Every structure is written in structure tokens, then in C-alpha cells.
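Here is the structure we will look at.
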Amino acid sequence: MSDLRTIALAGNPNCGKTTLFNALTGLRQRVANYPGITVEKKVGQIRLGDGSPAEVIDLPGTYSLVPTSPDEQVAAEVLFGQRADTKRPDAVVAVIDASTLARGLFLVSQLLELDRPLVVALTMSDIAARRGIVVDDRALEAALGVPVIPVVGHKGVGVAALRSAVDRALEGNSGSTGAGVPKALAKAIAASSTSTDPLLSEIGGRYAWIDALMAASVRSGTKSHLTERVDGFLLHRVFGLGFFALIMGSLFITLFTLAAPLMDACSSGVAALGHWLTASMADGDLKSLINDGIFAGVGGVVVFIPQIALLFLFLSLLEDSGYLARAAVLMDRLLCKVGLHGKSFIPLLSAFACAIPGIMATRTIDSRRERLITILVAPFLSCSARLPVYALLIAAFFHHLPGWQQGLIMLALYLLGIFAAFAVAWLATKIRGRVASTPFILELPSYKLPQPRQVALQVWQNASAFLTKAGTTIFALSIVIWAITTYPKPSAERITADTSTFTAHWQAPADTPADKLAEVRQDALDKALAGKALETSIAGHLGHFIEPAIAPLGFDWKMGIGLVGAFAAREVFVSTLGIVYAVGDPGDATDGLQAEMLADRKPDGSPVWTTAVATSMLVWFVLAMQCISTTAVVRRETGGWTWPLLQLGGMNVLAWIACLITYRILA
Amino acid sequence: MVIKKAMSSSHTLADLPKGGTGTVATVGGDPRLRRRLLEMGLTPGCPLTLVRRAPLGDPLVFNLRGYDLSLRSAEARLVGLTTGNLVAGIRP
Ligand SMILES: Nc1nc2c(ncn2[C@@H]2O[C@H](COP(=O)(O)OP(=O)(O)O)[C@@H](O)[C@H]2O)c(=O)[nH]1
């Protein structure tokens, strides 16, 4: 904690608070978490009029200082000075939306009672003006007893005036620094507090004061005709659902078509960089650590960036335009049926890119029960890391099918995940007993055109939050996986023996030119030895060790090694199999891996990878929980080990049973 | 000034016809929910309109105090409306 003076921005959700925060602080801001919870803490730096630096805190959006969600709780605690990690603000800026003034003034009526220097920033005055709403800010200022400054954040209008009002409020000589509750407000509350219903009289009194205030200082206009017309379409029985399907469909298609090549480019780019850097190094453990541990780890993190960035781009566009609130309305009925909530929609949608941002997005869900169930089922939705595994297995084992049927298999995998998520959510609700359903109270903000700068900043902040949260775990695990696939190394005798076995059996491919023969042979030997080395490593032993458990599902120890590798991140399965099958890095030679897998035989001569095995493996990847980074995030979000362990155990048992059934039916 | 007669059968928000207008009389529910409904501006005397229903029938979208608020029928049923009287729909 610093002794800088702090200024808190408080306001309703969607009131333009973040836009104003960005306008005030520029890019001098950072996003962290309040310790122990995952609510984001946004802090920025500004310089006050006297040149001294100060901190601006962007509080989570809140309707009231009596909180109902973890987000709102933080806002209230900071404002009351109840958080050990955040100093009580020296001044408060109440951000209120001129087009929905009454509700904003409700929050102001509570902020006035904080007895802190207060300045009111009136946003969206341009939108209000378009609707014929005229706010007499001088009259409002006089009635509230605190400065009222009209602003348009993204155009910078009024920002300078707001700064100097904050300066004066901090100096405490503007005569209006929280001089106390306006008499009219106190009187209105007192007037109604004679009734026998304290809750009604308190809030009724505030709104009576607001009504009087607005009658004196606001000329009310029409409601938003644009929003009304757009909603007539977007919430329409037929067009609304059609448009929703279209938006979600294009989101998925973009994620797949655009992100897959970008993912490939990222990982091969990182790998190439590693090889280039180590080109002059002698072969050995260090070189291997750098290439297969560190750079593979960085690559494993970097491949997610395109997906995550695209996802957040979509989400910020949808959110800033106002559509996400409508999506929650559209989906609430459906989600409610399985024990989820309209607000679960955004987390679940995000989980298709990666479960981690999905789980982090659950903090807007007010009810702890629905939040936990959303967290519980989010990893069932097929994240982008499963995509390479699906693609490999489908291409290898269903290549005889026409392309559209292969596409259908892919779709079926996604649907299986969705079905599993809904079924488990429904079951969890049944088991825990359905208490009265959690209320759905959601403001639908008016539609607005997203601001590119704002959107870019959100994408950047969310993507870097993902990188620091998930990236560190994935990176660390990649190094662990490198170590257990490298050590212990085979003995010199073993290598000699393996080399002579290789020499005895190896035949050059028929079309090898004579001058390339030695090169091809060396290459094949290296790969064969790498495969053998993996077999003697810890991972190899683990593969053998878990074989009895996975044999009923049709999996052998080689697949077991792949599954162990997949705990770093699922797509590592592909590269681990690449090493097991001695085709080297399959990044650019997945064809070779497919051929090797198809050619692999059991001791009795039957193929190892049958369609039944491949299908069982696909089902495993849809349903199993094998992502340690997700488990780590769930632990942090739920504040204990109960939920993550329940999730880890439950999903894997479920996957095991489903694979057993699949394999028994097909084999 | 738009004057509409609240339908005599309309006792709660959930009974409003699409486009229908009413005036809040009572707000029920457990204390936490009741507080939030009141805080969102659903105070006795406040006029509001049912703008539309979601495609699957629920939730409902209301316009009040210059903004749109979405509630499920379950919450809407907690808000009683004044009956019989002529009520002011939208303030001039
Ligand atoms: N027309 C207009 N749009 C604004 C203004 N302030 C914010 N917005 C837009 O309103 C939306 C919500 O703003 P944001 O700052 O994210 O709101 P927050 O949820 O309170 O942080 C975004 O699309 C902004 O671009 C304003 O003064 N005028």
C-alpha cells in the first residue's frame, strides 16, 4: 500500500466508467487482482494539479453499496475502507449515465453518505441529448452540493474539467467536499421512515428525493428508439434466435479457420527460434532443455494467444455494443432448465477457447451455487487445445470418409461436450437440491458502437491476464514433462543394442537417392533411439504403470505416455506421440505420425490403433479433465481444494466409464 | 401524457400484456431480492411498461425510469401493480 492519494471511480455497470478511467489515466494503468479473490483491480496513475502523483482505482460496476455479487462486494468494501489491501479512497468520482440518470442518482445518494469528497461525472450526455433528455447540471450541482461535470470519455470532453474538480475536492476548499447529505435527502428518508417497512421506506425515500431532484433539473426525453427497434429484431422469436445462431456460428468458424493456422505459425515460429538460437550448441542435455523444455514450453503457451486474443476481441465487441446482455436473456430459459443461469452463458462461451478465461468470467454470477456449477462444467466444453488432437485422430482414422462426414464427427465431439456439461449441471443441481432459483435481474444497456481503442485495450489486458495466470503453469509443466520424458537416460549398452537391432532391420525407402542414403539412415536411427529413450524414461515407466488402468479402454502404454504429456496441455499429446512413434516433431509432418500409428502392431500382429481405439480416445479427450492449469485456476477461484479435486476425479471417472462403454460397443 | 387503463386482471408485472403499462404498488420476495428490486427503481408509484418477452417466453423486458430491465416471470410475479385506477404511463 502506498501513501499516494487515491481517487476511486464508482458507478453502475455500463455507465462508461472504464472509458472515463482510460481517458483519465491513458495507458498508465495496471490490472491486478484483489488478494484472495479474482475480482479485477484496475489501478492507474494521474498527476494532480499541483504535480503530485495520485492513484485512480476503477471499482467494479455496482448498483448499490449493499452488494449482491463478489464484484459489488469489493466496490462497497473499498469505498467503506474495509479492505486491508486497499486504502480508503481520498476522493470518490461517481460516474453516472445521463441517459439512465435515476438509477445512477440512487448510487449517488448512498455515496453522499460516505462523507468523502465527491465529484459527479455525467457520462453519455451525447446519447441523452439525442433522446431529448436535457440535464441542467448547474441545478443538479446545486441540489447535490457536489460538483457535477458532463463528460464524453472517448472524446476527452470534460476530462480536464473533471481533473480540476477532483483537485479542488482533494484540497477540500470547494465548499462541496462531501459536506454531508443534502438536507432534502435526509428529509425524504426521514419522512418515509415512519412506516413499518424500513427497507421500503429507506429506498422509497431515496427515490422520492431523486424524483423531486429530476423534476427540477432534468427535462425527460423519449426512450431509445434505436435500441427499441434493434431489440425488436435481436430479441425476436425467429430472427433473434437466428441472429444468435449466426453470431455464434461465425465466432466458431472464425476461431477455427483463422486460429488454427495462426496457432501453427506461432508454435513453429517459436520452435524455429529455439533451433536457430541453439544451432551452434553441441547436442546434449542443455540444448535439449532449451529446445524441448523451455522453447517448447513457451511455444505451448504462445499457441494459445491467437485463440484467446480472437475470443476476447469478439467478447469485447459483443459486450461494448450491448449484445452480450441480450445473449444472456436469450439463453436464460435454456440454461435455467439445467440449473445454470443466463449469466453462465458468457463463461461457457469463453470455455470453448479455453476453460481458464471461462472460469475467470464466472465472477459476475451473483449466486455462489450457480457460479460453482458453471465452473464445474466449463471444462467439458471442447477448448482449443483439444482441436489438434481431434484433428489428428479424425484425419488418421476416418480419412476414408468424405470431408463433410469428418466435419460431422468433429461437430459430434463438440456436441458431446455440451451435452456432458448440461447433463452434469442438471445432475449437480438435482443432487444438491434445487433451492428456489436465483433471481435474474439484468439491465439491458442501450446499443452503442464499440470504440476501437477501448476494445484493443480490453483484448490486451485480458490476454495478458491469461498469459500470466495460465502461462506460468503451462510453462512450468512443460519443463517437468521434458524432464520426465528425458530422464533417466538409457545406458550405453542399451543404446548399442538398440542401434544394432535398428541396423539389422532397417531398410532404406525404395526411392532414396544413393547420395542421401547415409543422411536418411542417420535420421531414422536418431528417431528410433529417441523413441527407445522415451520408453526408458520416467514417462515411459508411467505409461507402463498406468497401462492396466487404461487397457480396458483400448489404450496401450504408448498412448499412456501421450496422456501423461497431455497434462501439461492437451495438445502436447500430439507431440509426445510424435516422439513415441519416432517421427520427431510432428508439427509439420502429422502425415508421418498418422502413417506410423496406423502401421503400429500388437505382438499378435493386430493393429494397435483400431477405429474403436481412436473413437475411445476421442471420447476421452472430450470428457477427461487433464489440464493442470485449469485445476490450479479452479482452486484459486473457489478458494479451496474440494471443488478442483471433485472436478478432476469426477470428470476422469466419467470419461473412463464413457470410454469403456464406447470401446466395448465398437470393439 | 399517455394514459392507459391498467387491465383489471393485472395484479403483478408478470400479468402485463406486451406493450402494457402499469404502476408498481408492492414489492415482495426475500429481503435480499426485494432490496435489489427496489434499488433497481421498482418502487411503489413507479410506472413501467412490458416491452417484450424473450423468444423462449422468459425472461421479460421492462422499461422503467428511462432504462430496460430484464426479469424472469418468477421475479416479475413478486411485483404487484395498482389495479383498476387510471395510471400515468409515461410522464410528460
Ligand atoms: N456515446 C457515448 N458512449 C460512451 C460514453 N462513455 C462510454 N461509452 C460507451 O459505452 C459502452 C460502455 O462503456 P464502458 O466504459 O465499458 O462502461 P463500464 O461498464 O461502466 O466500464 C462502451 O461501448 C463505450 O464506448 C459516452 O460518454 N458517450
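Bear in mind that the values in this text are calculations on the coordinates, not laboratory data. As the structure is a computational prediction, the values presented were derived from the model and not from experiment. Positions of Cβ are backbone-derived with ideal geometry, glycine not excepted, and every protein chain shown enters the neighbour counts.
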Any idea what angle helix A:225-234 forms with the longest principal axis of chain A, computed on alpha-carbon atoms, 0 to 90 degrees, nearest 10?
30 degrees
Whole-Hz Karplus couplings 3J(HN,Hα) for the stretch A:246-251, θ = phi - 60° and coefficients 6.51, -1.76, 1.60, Gly and Pro as x, run 5, 4, 5, x, 5, 4
If I histogram all Cα-Cα distances within the stretch A:444-490 using bins 5 Å wide from 0, what percent of pairs lands in each bin?
5, 16, 12, 13, 12, 10, 9, 6, 6, 5, 3, 2, 1, 0
So who's got an amide H within less than 5 Å of the one on residue B:58, skipping anything under 5 residues away but keeping other chains? H placed 1.01 Å off N, in plane.
none
For residue A:121, what residues show an amide H to amide H distance below 5 Å, using hydrogens built from the backbone and excluding near sequence neighbours?
A:94, A:95, A:96, A:149
Fewest-first ranking of A:72, A:535, A:171, using other Cβ atoms within 10 Å as the exposure measure:
A:171, A:535, A:72
Longest principal axis of chain A (C-alpha) makes with the long axis of helix A:403-432 (C-alpha) an angle, in degrees to the nearest 10, of 60 degrees
Within the stretch A:401-455, list the trypsin sites (Lys or Arg not before Pro) lying in a DSSP loop whose Cβ has at most 12 other Cβ atoms in a 10 Å radius.
A:434
Computed over the stretch B:11-81, the Cα gyration tensor eigenvalues, each multiplied by 5 and square-rooted, give semi-axes in Å (largest first) of 17, 13, 11
Pairwise over distinct Cα atoms, reciprocal of the mean inverse distance: report the Kirkwood radius of the stretch A:5-219 in Å, one decimal place.
17.4 Å
Which value at 222 nm does the protein assembly as shown reach when only helices count, each DSSP H run of 4 or more adding -39,500 (n - 2.57), with the total divided by all residues and rounded to the nearest 500 deg cm²/dmol?
-17000 deg cm²/dmol
Just going by the charge dipole of the protein assembly as shown, with Lys and Arg at +1 and Asp and Glu at -1 on Cβ, which of A:614, A:357, A:142 is farthest out on the positive end?
A:142
Net charge dipole size for the stretch A:485-532 [Lys, Arg +1 and Asp, Glu -1 on Cβ; Debye, nearest 20]:
220 debye
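Tell me the net charge near residue B:62. Cut-off is 14 Å between Cβ atoms, residue B:62 excluded, with +1 for each Lys or Arg and -1 for each Asp or Glu.
Net local charge, residue B:62 excluded: +1.
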HN-Hα J couplings of the stretch A:378-386 from phi, Karplus 6.51/-1.76/1.60, θ = phi - 60°, integer Hz, Gly and Pro as x?
3, x, 6, 6, 5, 7, 5, 5, 7
So the compactness index of the stretch A:542-667, its C-alpha Rg divided by 2.2 N^0.38 Å, takes the value 1.12
Count the DSSP beta bridges whose two residues both fall in chain A, then state the antiparallel fraction as a percent rounded to the nearest 5.
45 percent
Under Karplus coefficients 6.51, -1.76 and 1.60, residue-wise ³J(HN,Hα) of the stretch A:626-638 in Hz, glycine/proline x
9, 10, 5, 4, 5, 4, 4, 5, 4, 4, 5, 5, 9
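Test of understanding: given chain A, find the longest segment containing no chymotrypsin sites (Phe, Trp or Tyr not before Pro) that are in a DSSP loop and have at most 15 other Cβ atoms within 10 Å.
Counting only loop sites that pass the neighbour cut-off, the longest clear stretch is A:81-505.
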Treating only the Cβ atoms of Lys and Arg (+1) and Asp and Glu (-1) as charged, compute the dipole magnitude of chain A about its Cα centre; round to the nearest 20 debye.
1740 debye
For the Cα atoms of chain A, what angle does the longest principal axis make with the long axis of helix A:472-486, in degrees from 0 to 90, nearest 10?
10 degrees
What is the spread of the Cα atoms of chain A along each of their three principal axes, largest first, in whole Å?
98, 53, 41
When a footprinting reagent is the concern and you count Cβ atoms within 10 Å, what order do A:55, A:547, B:39 take, fewest first?
A:547, A:55, B:39
Per-residue Cβ neighbour rank within 10 angstrom, fewest leading, A:280, A:344, A:164, A:537
A:280, A:164, A:537, A:344
A chain fully extended from residue A:155 to residue A:264 at 0.36 nm per residue, minus the present Cα-Cα distance, gains in nm 35.3 nm
Taking amide hydrogens as modeled 1.01 Å from N in the peptide plane, which residues meet the under 5 Å criterion relative to residue A:41, leaving out close sequence neighbours?
A:32, A:33, A:34
With unit charges on the beta carbon (Lys/Arg positive, Asp/Glu negative), name the residue among A:281, A:70, A:628 whose Cα is farthest towards the positive pole of the charge dipole of chain A.
A:70
Where does the charge balance sit around residue A:55 when Lys and Arg score +1, Asp and Glu -1, over other residues with C-beta under 9 Å from its C-beta?
+2
